[in-house]
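Novice: Quick one: the structure is below, and I'll ask about it shortly.
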Amino acid sequence: MKALAELAKRRGFFFQTGSAYGGVSGFYTYGPHGATLKATVESAWRERWATREGHDEIDAPTIMPEAVFEASGHLDGFDDLLVECPACEQSHRADHLVEGQTDIAEAESYTAKEIEGLLAEHGITCPSCGAPLAEEPVEQFNLMFETAIGPGSTNRGYLRPETAQGIFVDFPRLREYARGELPFGVAQIGRAYRNEISPRNAIVRTREFNQAELELFFDPDEDEPDLESVADVEAPLFSAEAQTADGEPSFQTIGAAVESGPIADDWVGYYVGVATAWYDRIGIDLDRVRFRQHQAAERAHYARDCWDAEADVSGPGQDPEWIELAGIANRGTYDLSHHEAHTDERYRVFSEYDEPRTVERASVEPDMAALGPEYGSQAADIAAALEDLAETDQRAFEGETVAVEVDGETVEIPTEQTGFAVEEVTERGEQITPHVIEPSMGIDRTVYTILVHAYDEDEIDGEERTVLRLPPEMAPTLVGVFPLMDKDGLGEQARNLAADLRAVGLSVTYDDSGAIGRRYRRQDEIGTPYCITVDYESLDDGTVTVRDRDTTDQVRVGIDELAATLAALQDGELAFDQL
Ligand code: GAP
């Protein structure tokens with residue numbers, strides 16, 4: 001993986017930001033090839049998770065006021081466990097130290113006290129200087145970056161730790177765009193910020209990163225996903241039960257996994273299926289992926305069930321190194337009901353019954369002319385208490401008097417003064433709080449995994465080469481165009497050809513420097529799937545050679561067919577060996 005990091009920096013995939021200023025850990029810049037690859041991953045996500053599903057996309061601000069995060073629970077619950085080394089004063093994620101220095105796999109689910117105990121029990125030491133951490137306190141550290149909105153410091157805000165809240169806070173408006181009909185999904189791709197205690201593994205754990213999230217709002221009694229479309233997808237599932245029993249992940253079809261376990265929720269099953277097929281399409285090796293079900297103690301404060309997509313990003317011959325690519329969580333009604341409780345808005349949807357229902361509706365019309373003089377300022381509260389009681393307990397109105405609690409005092413009101421009545425009304429439906437399923441993907445980790453899984457070293461004609469075996473759809477450059485030599489009109493023809501291919505929207509690089517073999521190697525290591533050489537034959541018969549990156553095979557193709565041929569290769573409509 002050192003080799004990949006070196007390649008990423010040298011060939012402009014990603015590098016630590018601002019090294020001239022010493023660099024701050026957790027901040028990375030994508031170079032030209034990396035920025036293109038990241039944009040391609042985002043487009044492929046948008047195409048599959050928003051456009052093809054018929055969902056709308058929004059773009060919300062990255063800073064929001066404190067009240068939003070009070071309601072969402074992030075102010076109180078979005079913490080990691082921190083331990084500081086007494087010798088070198090470096091801060092570490094205490095649960096990661098436990099995972100790194102013991103056999104415990106998921107220490108995130110332990111409490112601060114339990115982790116303190118494990119530091120002592122296992123003699124855990126500081127990874128920076130080796131000092132023992134046995135006696136050190138483990139504290140909760142909130143991961144949100146705080147800021148002040150406007151001048152002064154009274155209006156506190158936070159950089160969003162997930163893009164999701166931008167969707168939840170504006171649910172009442174988004175509901176209107178969806179004409180109030182469930183199910184509907186809202187997608188968002190954008191930056192998220194977390195003040196990670198110990199950023200690591202380049203773009204795998206950073207303090208500013210990119211998420212692609214879909215919030216699917218649905219009625220659990222009415223709405224079902226299109227399970228049939230993913231029923232035959234084979235996904236590598238690692239259930240909570242298999243983890244407890246020290247088992248292994250196993251490939252199961254989504255149809256079987258939803259029907260007879262371990263996936264209990266149809267929507268979660270649907271998205272595990274969509275994610276599996278999508279990862280395969282963008283170049284992630286499914287033999288190095290698993291969907292791991294969260295243990296109850298591990299779930300985020302809002303989640304009712306969650307499956308993480310994890311990828312093994314270890315190098316050849318190393319122990320597996322699993323990173324979390326995505327979480328697919330059932331968030332229930334947590335977010336919408338919390339935002340409703342903290343605002344004056346209704347975060348609900350009117351759900352129409354199949355048939356109108358006739359129900360008994362109890363109401364009161366208190367005699368204020370009698371209650372006012374007797375109870376003074378308490379009369380309005382008594383009327384409100386009677387109204388609540390009529391909705392919840394009609395039998396309370398069966399006697400001569402009705403007892404209600406007001407300001408901690410029981411007040412007896414003559415039933416005839418309550419104006420209690422029961423009438424039959426016909427209702428078309430009711431207001432319900434939608435449930436939410438959320439597939440939440442990390443774009444940076446997806447980019448990283450694509451690169452790790454594409455990275456290969458082999459030997460061509462006795463010479464070692466590094467090659468990124470990216471799917472043509474994902475490659476930052478689709479085709480390199482070279483003249484055999486920049487003379488006798490070959491250079492001019494190659495430059496014209498490159499311009500013509502760019503004009504039809506293909507991503508093309510032109511290169512005439514050095515031996516042709518060196519030019520091929522340069523393209524191989526950034527994953528360019530095809531290279532075209534204009535040679536003397538091209539001047540005679542209007543054909544060029546097209547070379548395939550993976551096999552290094554070459555075929556001659558007419559210049560007038562090139563644009564269509566390359567586009568078909570990129571879209572997967574044509575394979576190189578069919579040429
Ligand atoms: N809205 C749910 C949510 O944010 P999460 O599991 O905390 O869930 C979703 O984050 C994804 O975001 C993760 O699966 C991971 O891919 C990515 N992610 C989280 N923290 C990250 C970090 N510090 N650096 C890079 N990616 C990160």
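Novice: Please tell me if residue 47 is free of Cβ contacts under 8 Å to residues at least 12 places away in the same chain, out of contact with any helix residue (DSSP H, G or I) (no Cβ under 8 Å at 6 or more places or on another chain), farther than 30 Å from residue 521 by Cβ and not in a loop (DSSP other than H, G, I, E, B).
Specialist: yes
Novice: Which condition from (1) surrounded by 20 or more Cβ atoms within 10 Å (Cβ to Cβ); (2) outside any helix (DSSP H, G or I); (3) away from the ligand (no atom under 16 Å from the Cβ) is the one that residue 215 breaks?
Specialist: (3)
Novice: Any residue at all in segment 238-247 that's within 16 Å of the ligand (Cβ to nearest atom) and either farther than 30 Å from residue 12 by Cα or among the charged types (D, E, K, R) (or both)?
Specialist: Yes - at least one qualifying residue is present in segment 238-247.
Novice: Being part of a loop (DSSP other than H, G, I, E, B) and open to solvent by 50 Å² or more (accessible area, probe 1.4 Å), is that true of even one residue in segment 28-38?
Specialist: no
Novice: Further question: Condition first: of a type outside the set (Ser, Thr, Tyr) and either open to solvent by less than 20 Å² (accessible area, probe 1.4 Å) or over 19 Å from residue 508 (Cα atoms) (or both). Now tell me which residues in segment 528-547 satisfy that.
Specialist: Hits for segment 528-547 are 529, 531, 532, 534, 537, 539, 540, 541, 542, 544, 546, 547.
Novice: Hey, could you check segment 193-212 for residues that are within 16 Å of residue 159 (Cα to Cα) and within 7 Å of the ligand (Cβ to nearest atom) and say which is farthest from the chain's Cα centre (by Cα)?
Specialist: 196
Novice: Can you name every residue in segment 449-485 that is hydroxyl-bearing (Ser, Thr, Tyr) and in contact with a helix residue (DSSP H, G or I) (Cβ under 6 Å, 6 or more places away or on another chain)?
Specialist: 455
Novice: Determine if segment 337-354 includes at least one residue that is in a helix (DSSP H, G or I), closer than 30 Å to residue 212 by Cβ, acidic (Asp, Glu) and open to solvent by less than 30 Å² (accessible area, probe 1.4 Å).
Specialist: No, segment 337-354 has no match at all.
Novice: Any idea which of (1) part of a loop (DSSP other than H, G, I, E, B); (2) crowded, with 16+ Cβ neighbours inside 10 Å is the one residue 25 doesn't satisfy?
Specialist: (2)
Novice: Looking only at residues in segment 430-442 that are open to solvent by 10 Å² or more (accessible area, probe 1.4 Å) and more than 16 Å from the ligand (Cβ to nearest atom), which one is farthest from residue 324 (Cα to Cα)?
Specialist: 430
The values are calculated or read from the model by the stated rules, or taken from the named source; none is laboratory data. Computed from a predicted structure; not experimentally measured. Note: ideal-geometry Cβ built from the backbone for every residue, glycine included; neighbour counts use all protein chains shown. Just the protein is used for accessible areas: all its heavy atoms, side chains included, with ligands, DNA and RNA removed. Shrake-Rupley method; radii C 1.70, N 1.55, O 1.52, S 1.80 Å.
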